[in-house]
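Down below is the structure, laid out as structure tokens.
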Amino acid sequence: MSTAVITNTFTHPHVVAALEAGMEMAADESGRPVSAERFTWATAAALTYLDGAGAPWADVYARHIEIAAAQAAADRGEDVEDTSDLYAGMRYSREHVSAAVNAGVDAAARTIRERQADDIDNLAVNAVLTLLDAPDASFDAVVEECYGEDADAVSGWLSDVPADSDAELDAQQAARIDAYLRSVGL
């Protein structure tokens, strides 16, 4: 009888897809734009720490600029350089991805927002890791897997997280007003 341990590994594109989908899920469920700094910096940090766990913040900063520049070029309809060949053949364990995402989210919270990670950050991590294993998982599936709570209860936690800026607070209030007006048929 073999006692070998089977370890799943994930390709770089698979990890990037889970990271993007997890951040988007956290943004959607918290009523914040995925372009908010909490998500863009956490993504850049996670990708940086995926490449090197002890990377300095300057490397995260550089990665953030690269991602922002590529997104801006894509938004303008320009061709964006395909760098997937840089990661061809790279595979990561779930533990490696978990460490990078957790470290990235924590570092972004401390450095950019000067706060500890909050419920939205925790959902982002849980969503990324769940989507890594089950790419089609819904918010309800993430909540069931990671929290054992009702999805509405977790949504309530997310709505209780204070806004990161005055502009974000204004946007949240406008979104809540719009949702209310839609709910009453106006």
Probe 1.4 Å, protein heavy atoms only - accessible area per residue of the chain in square angstrom: 58 Å²
Accessible area of the chain with a 1.4 Å probe: how many percent of it is carbon plus sulfur? 52 percent
I want to check the label-to-label distance for Ala88 and Arg113. Put each point 7 Å from Cα in the C-beta direction and report it in nm to one decimal. 3.9 nm
Taking only DSSP H segments of four or more residues, each worth -39500 (n - 2.57), what value at 222 nm results for the chain once the sum is divided by all its residues, to the nearest 500 deg cm²/dmol? -21500 deg cm²/dmol
What is the gain in length, in nm to one decimal, between Ala70 and Glu145 on full extension, counting 0.36 nm per residue of separation less the C-alpha to C-alpha distance? 23.6 nm
Dmax and Rg, reported as Rg then Dmax, of the chain (C-alpha, Å): 17.7, 67
In a Gaussian network model over the chain where Cα atoms closer than 10 Å are linked, find which of Glu144, Glu66, Glu81 has the largest mean-square fluctuation. Glu81
For Ala58 paired with Glu24, estimate the spin-label separation in nm (one decimal), with each label point 7 Å from Cα along the Cα-to-Cβ line. 3.5 nm
Running Debye on the range 74-120 with equal point scatterers at the Cα sites and no solvent, what base-10 log of I(q)/I(0) appears at q = 0.16, 0.18, 0.22 Å⁻¹? -0.75, -0.81, -0.83
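The values are calculated or read from the model by the stated rules, or taken from the named source; none is laboratory data. Quantities reported herein were computed from a predicted structural model and do not represent experimental measurements. Quick reminder, even Gly has a Cβ in these numbers, built from the backbone with ideal geometry, and neighbours come from all protein chains shown. The area values use the complete protein model at the heavy-atom level, side chains included, leaving out ligands, DNA and RNA. Shrake-Rupley method; radii C 1.70, N 1.55, O 1.52, S 1.80 Å.
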